[in-house]
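Trainee: After the structure tokens below, expect a handful of questions from me.
What follows is calculated from the coordinates using simple rules that are stated; it is not laboratory data. Please read these numbers as outputs of a predicted model, since none were measured by experiment. Cβ coordinates were reconstructed from backbone atoms using ideal geometry, including for glycine residues, and neighbour counts include every protein chain displayed.
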Amino acid sequence: MIRAMVPPAATASSNLQSSPQAPAPVGTPSAPAVKDPAKDTILTPRFYTTDFDAMAAMDLRPNEAELEAICEEFRKDYNRHHFVRNAEFDGAADKLDPETRKVFVEFLEQSCTSEFSGFLLYKELSRRIKEKNPLLAECFAHMARDEARHAGFLNKSMADFGLQLDLGFLTSHKAYTHFKPEYIFYATYLSEKIGYWRYITIFRHLEQNPESKIFPIFNFFENWCQDENRHGDFFDALMKAQPKSVTGLRARLWCRFFLLAVFATMYVRDVARKEFYEALGLDARTYDELVIRKTNETSARVFPVVLDVENPRFWEGLERLVRNNAALSEADDSGAPAPLKLIRKLPHWAANGLEMAKLFLMAPIRSERFQPAVR
Ligand SMILES: [Fe+2]
Ligand SMILES: [Fe+2]
């Protein structure tokens, strides 16, 4: 899956708030209405494109054996028979109260868009580099297969609520962010690993608290997250095949930036949607803290530096972003004329930019100190 993230300039100039959901017509599970896509904000999942020629020309020899082994795992297609809907889904949507239903549909939409974003990028990569880089192309094709399955499965669950995302429309109408290959590595590696930790954490929590399992889709999360974990391992191996992407000053700065962007975006978005986590019996902050710590720890296996998440200043900074975001949402919902809204929002945008800069400048931790054994 591919999640949204905050580029540095966007933090100061854009709104960190979550998108208001347009009231969509609701159909029935057998004839779901097409849902208007959520408005694009900094917190909604993005679509990516990259420099395909540079990808095609990539020399894999420094880590070819590991990539070949990962490709062999992909070929086994462990989850070929996993994503099959069963009778548990029948009528499950009707059991949710209206408020839970609303936040749950938002969750499904966001997840479906993220998964689909991964599908599009991987599919296009596999297609465009097929001739020149067959091993890499094959890996991307297998990952596209997995993400298509994930997105389709989520979209079927949306249909249980009488809604459906028009993925063809999204493909042609959503804006694409262009990242050079290295940034694609950092962003997708983090998306996959954070996706793994998000899914497995929810799965384990619901295993312990079955009364909070509000929808049968969560039963599928354990095998599902193994797909994301394998995708993350693929990017780990790919970065090791391109050692420059994870060594040197530039790499250290960019890894810091991407870690911060991904963590901050997720934290702000999840706290703003804490009702969804409450419906599962989870506290959004506690959940995010765990996911961030785990992803940070995992990232130390390949990134040259990771963030100092043990420093209380890190969490204080994230909380200030949450407060700025709340103030921005409030200004937006105020019904004031647009110029007045803008004036009200400016200081909070500036504060967000400053906060992100302060967080970025916090001393990182060298990975070899963090996880000497695995490196
Ligand atoms: Fe996925
Ligand atoms: Fe994935």
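Trainee: Taking 1 over the mean of 1/r across every pair of different Cα atoms in the range 244-375, what Kirkwood radius in Å do you get?
Mentor: Values: mean 1/r = 0.0618 Å⁻¹.
Hydrodynamic radius (Kirkwood, Cα only) of the range 244-375 equals 16.2 Å.
Trainee: Same structure, new question: Could you work out Rg/(2.2 N^0.38 Å) for the range 71-132, with Rg from alpha carbons only?
Mentor: 1.63
Trainee: When the distances between all Cα atoms of the range 34-97 are binned every 5 Å from zero, what whole-number percent does each bin get?
Mentor: The distribution over the range 34-97 is 3, 10, 8, 9, 13, 16, 16, 10, 7, 5, 2, given as percents.
Trainee: Here's something else I'd like to know. Which value, in debye to the nearest 20, describes the size of the charge dipole of the chain about its Cα centre when Lys and Arg Cβ atoms bear +1, Asp and Glu Cβ atoms bear -1, and nothing else is charged? Provide the component values of the computation, followed by the final result.
Mentor: Details: 49 positive and 51 negative charges, 204 e Å.
Dipole magnitude for the chain comes out near 980 debye.
Trainee: Counting other beta carbons within 10 Å of each Cβ, put T49, T265, T113, T28 in order, fewest first. Could the numbers behind the result be given before it?
Mentor: On the way: T49 14, T265 20, T113 27, T28 11.
With the fewest neighbours first, T49, T265, T113, T28 line up as T28, T49, T265, T113.
Trainee: Rg (Å, one decimal) plus Dmax (Å, integer) for the alpha carbons of the range 173-220?
Mentor: Reported Rg and Dmax, both Å: 15.8, 45.
Trainee: Can I ask one more? Calculate, axis by axis, the spread of Cα positions in the range 297-342 along the three principal axes, and write the results as whole Å, longest axis first.
Mentor: Result, largest extent first: 50, 21, 13 Å.
Trainee: Roughly how many whole Å is it from the C-alpha centroid of the range 224-264 to that of the range 283-316?
Mentor: What the calculation gives is 14 Å, centre to centre.
Trainee: Can you give the three extents of the C-alpha atoms in the range 114-159 along their principal axes, from longest to shortest, in whole Å?
Mentor: 40, 13, 11
Trainee: If we restrict to alpha carbons, what Rg and Dmax does the range 140-186 come to, in Å?
Mentor: Taking only Cα atoms of the range 140-186, I get Rg and Dmax of 13.7, 40 Å.
Trainee: Please give the length that would be gained between E68 and A56 if that part of the chain were fully extended, namely 0.36 nm times their separation in residues minus their C-alpha to C-alpha distance (nm, one decimal). Don't jump to the answer; show the numbers that get you there.
Mentor: On the way: separation 12, 0.36 × 12 = 4.32 nm, distance 1.64 nm.
Taking 0.36 nm per residue and subtracting the Cα distance, the gain is 2.7 nm.
Trainee: For q = 0.14, 0.27, 0.34 Å⁻¹, what log10 I(q)/I(0) does the range 316-359 give under the Debye formula with an equal point scatterer on each alpha carbon and no solvent?
Mentor: -0.32, -0.87, -1.14
Trainee: By count of other Cβ within 10 Å, fewest leading, how are H178, H82, H150 ordered? Mind showing how you got there, number by number?
Mentor: Working: H178 10, H82 15, H150 25.
Taking fewest neighbouring Cβ atoms as first place, the list is H178, H82, H150.
Trainee: Then there is this: Mean projection of the alpha-carbon convex hull of the range 211-292 over all orientations, in nm²?
Mentor: Values: hull surface 26.0 nm².
The directionally averaged projection comes out at 6.5 nm².
Trainee: To continue, here is another question. Quick one: Cα convex hull volume of the range 67-205, Å³ per residue?
Mentor: On the way: hull volume 19.4 nm³, N = 139.
Cα-based convex hull of the range 67-205, divided per residue, equals 140 Å³.
Trainee: Please state the relative contact order of the chain as a whole percent: Cα pairs under 8 Å, 6+ residues apart?
Mentor: Values: 531 pairs, mean separation 90.3, N = 375.
Dividing the mean separation by the residue count of the chain yields 24 percent.
Trainee: Stick to Cα atoms and the Kirkwood definition of Rh, then tell me Rg/Rh for the chain.
Mentor: 0.95
Trainee: Okay, next question. Kirkwood Rh and Cα-based Rg: tell me the resulting Rg over Rh for the range 126-268, rounded to two decimals.
Mentor: Working: Rg = 17.3 Å, Rh = 17.3 Å.
Rg divided by Rh gives 1.00.
Trainee: Counting Lys +1, Arg +1, Asp -1, Glu -1, what net charge surrounds R85 among other residues with beta carbon under 13 Å of its beta carbon?
Mentor: -1
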